Amino acid sequence: MSLSYQQLLVAVPLVLQGGNVPNIVGEAGIGKSALVVAVASQMQAKLFTTVVSLSEKGDLVMPIPPFTANAFVMTSRYGELADVKYGYTHTLIEIIAQAEAHPGQPILWFLDEFNRGSQAVQSELMNLVLQRQINSLQLPAEVQIILAENPDSDMPGFEESNYAVMAGDAAIKDRTTRLVMRVDVADWLQWAKTVVAGRPVIHPLVTAYIATTPDTLFPRERGADLNPTPRAWQRVSDNLYELEKLAPKMADQLIFDIVAGDLGTLHAQLFVQYWREQGTTLSMAELFSPDFKGTQFNDLSEVTKIALLKQALLEVTLTDASNATRFKQLLEAAAPDSRYVVVKAISRELLNELYNAKSHSTEELYQLISEVALDAD
């Protein structure tokens, strides 16, 4: 069993409130880190992150020599001894400072890529996770810990995984709550429309492409080199926003190599073809103009037709008789498989509105939608 992003937004805080440590397991790039950021925001918690795979033994706490003369002990027969103290990583110092400055405010400490750390590092973190203690230092009550791991071939459902992970300690497995995260296209598309700094977090063109080709968000067939992942698509989106600032000719020269650097050659070819078609595609005003002839729509790829028809579902009043007639014509101009994809995206509310509109045009559109749905069944 596995949970979607939206389900984990509920499950992770629930586990934390139960006094336990959630361990989020999922493929690389599917959004585990983004999930933890969202959980911290939801809980109004201060977030600190340690990437365990980049840690070395002693990074968390390291013996240091005494700084004062009082720390040295003189013996009568055995020489001089030093009372060695410990120096803590700066992240831990910041966590303590945060707890002292803001008592009562939740603190999340995210230990990312936990099972990609060495056995020595994992052992060093054991007391932190299990006992909330490092040597003589006790974690403040405000601090709660979240782990994230890549799949291990010993885990059910991940028998074919080949991540370079270290076998987890049995005590960690027994004392943490494993929550398996899956890629959910609907969740991702919902998140993609979130507006940050005045723009959607994912470029609308990327969102439209994934909506029409959902299998490309995280394809099951994985190549040996670069592959699409939700994280890779976010990089494509960020780069696309920047490409739009360039002259069109320069953007066209650069886009394939930039996208291929995140998705690999095959998926870059498909997306760039879609991007180029969008540059010459039709607006909703053109599509639903009384003077529209339809030949330009017919020449578009099926992916672009689907994207335009789905956009119309969101932006055009289809209970209007003329718009219903035009949408019916456009839907009929799409391939049968494309029609089915569009019909699946029609909400029950819109269907009810079309049914109750009672005009000849809306009745014809409602009938076509019903026929497409029945043919698919």
Tally time: how many residues in the stretch 4-30 are at pLDDT 90 or above and either assigned to a strand (DSSP E or B) or small (G, A, S) (or both)? 9
Per the filter on the stretch 166-187, residues under 22 Å from the mean Cα position of the chain (by Cα), over 19 Å from R222 (Cα atoms) and either modelled with pLDDT of 90 or more or part of a loop (DSSP other than H, G, I, E, B) (or both) are T177, R178, L179, V180
Scanning the stretch 254-282 for residues that are in contact (Cβ under 8 Å) with a residue 40 or more places away in the chain and not in a helix (DSSP H, G or I) gives G264
Do we have any residue at all in the stretch 298-309 that's among the charged types (D, E, K, R), crowded, with 17+ Cβ neighbours inside 10 Å and farther than 21 Å from R276 by Cβ? no
Does G223 satisfy the condition of being in the same structural domain as W191 (by TED's automatic domain parsing), farther than 20 Å from V342 by Cα, touching a residue at least 24 places away in the same chain (Cβ under 8 Å) and in contact with a Leu (Cβ under 6 Å, 6 or more places away or on another chain)? no
Return the residues of the stretch 261-277 that are crowded, with 18+ Cβ neighbours inside 10 Å and either outside the structural domain of R235 (by TED's automatic domain parsing) or under 20 Å from the mean Cα position of the chain (by Cα) (or both); say none if nothing qualifies. D262, L263, G264, H267, A268, F271
Scanning the stretch 342-371 residue by residue, those within 24 Å of K293 (Cα to Cα) and touching a residue at least 12 places away in the same chain (Cβ under 8 Å) turn out to be V342, V343, S359, H360, S361, T362, E364, L365, Y366, L368, I369
Of the residues A285, A251, A307, only one is in a helix (DSSP H, G or I), more than 30 Å from N356 (Cα to Cα), modelled with pLDDT under 90 and out of contact with any Pro (no Cβ under 6 Å at 6 or more places or on another chain); which? A251
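The values are calculated or read from the model by the stated rules, or taken from the named source; none is laboratory data. Nothing here was measured: the structure is a model prediction, and the numbers come from that model. For neighbour counting, all protein chains shown are included, and Cβ atoms are generated from backbone atoms with ideal geometry for every residue, glycine included.
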